[in-house]
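These notes concern the structure reproduced below.
The values are calculated or read from the model by the stated rules, or taken from the named source; none is laboratory data. Since this is a predicted model, take the numbers as computed values, not measurements. No Cβ is skipped: glycine too gets one built from the backbone with ideal geometry, and neighbour counts run over all protein chains shown. Heads up: the accessible areas ignore ligands, DNA and RNA and are worked out on the full protein's heavy atoms, side chains in. Shrake-Rupley method; radii C 1.70, N 1.55, O 1.52, S 1.80 Å.
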Amino acid sequence: MLQRIQSIYLLGALLLIAALFFVPFAEIIGGDGAIYVFDRAGVYLQEARNPEIIYSGLPIQILLGIIVLVNLVTIFSFKKRIRQIRLSVFNILLMIGLSGVIFYFTSRSASLLNGKYSFEPSLVMPLIAVVLTYLAIRNIGRDEALVRSIDRIR
């Protein structure tokens, strides 16, 4: 299973997406000068001891969970290559959607707080995961072509 290069690519994509549960996506400087953090939980004041969530990040948490689950199913579907390709394409669409949702939530939160925002470097993680998943799809396709050519010889 993990000796195949596509499994390594999918595992790398899984780790990148799972890391998004622990890192912030953006910082928002409100109109009053307060600094807000936007991560999987939502938007909240950075220096507060018991932060009050201003804008909930529940849709992002759900989307992250779905992406991780689909990626795990994809990794363990190594015997069914066509299903693995389809799940990988679906996962790419979900990751692109995740990036769009993060951009939307950040801009919406900044306009709600009358402030400016700056993205964290962690925002490129879904895009790197998309590239890794695409590389996995290419290698899965090569394996499928190899198996079909061997079946043809029999």
Would you call A136 closer than 20 Å to A26 by Cα, touching a residue at least 60 places away in the same chain (Cβ under 8 Å) and not acidic (D, E)?
no
Open to solvent by 30 Å² or more (accessible area, probe 1.4 Å), in a helix (DSSP H, G or I) and of a type in the set (G, A, S): does that describe S149?
yes
Failed condition for R86, given (1) under 20 Å from the mean Cα position of the chain (by Cα); (2) open to solvent by less than 80 Å² (accessible area, probe 1.4 Å), with all others met?
(2)
Out of the residues in segment 102-115 that are assigned to a helix (DSSP H, G or I) and either open to solvent by less than 30 Å² (accessible area, probe 1.4 Å) or of a type in the set (D, E, K, R) (or both), state the one that is nearest to L72 (Cα to Cα).
I102
Within segment 126-135, is there a residue that is of a type in the set (G, A, S), open to solvent by less than 50 Å² (accessible area, probe 1.4 Å), part of a helix (DSSP H, G or I) and modelled with pLDDT of 95 or more?
yes
G115 - would you say it is within 26 Å of I29 (Cβ to Cβ) and either modelled with pLDDT under 90 or touching a Lys or Arg at 6+ places or on another chain (Cβ under 6 Å) (or both)?
yes
Working only within segment 8-33, note down all residues that are farther than 18 Å from F119 by Cα and more than 15 Å from the chain's Cα centre (by Cα).
I8, D32
Checking S99 against (1) within 18 Å of the chain's Cα centre (by Cα); (2) open to solvent by less than 30 Å² (accessible area, probe 1.4 Å); (3) in contact (Cβ under 8 Å) with a residue 60 or more places away in the chain, which single condition isn't satisfied?
(3)
Answer yes if at least one residue in segment 4-19 is open to solvent by 80 Å² or more (accessible area, probe 1.4 Å), closer than 23 Å to R138 by Cβ and of a type in the set (S, T, N, Q), and no otherwise.
no
Quick test of your reading of the structure: L93 fulfils all but one of (1) out of contact with any strand residue (DSSP E or B) (no Cβ under 9 Å at 6 or more places or on another chain); (2) open to solvent by less than 90 Å² (accessible area, probe 1.4 Å). Name the failing condition by number.
(2)
Considering only segment 121-141, I want to know if a residue exists there that is charged (D, E, K, R) and out of contact with any strand residue (DSSP E or B) (no Cβ under 8 Å at 6 or more places or on another chain).
yes
Per the list (1) open to solvent by less than 90 Å² (accessible area, probe 1.4 Å); (2) part of a helix (DSSP H, G or I), residue check on S118 breaks on (2)
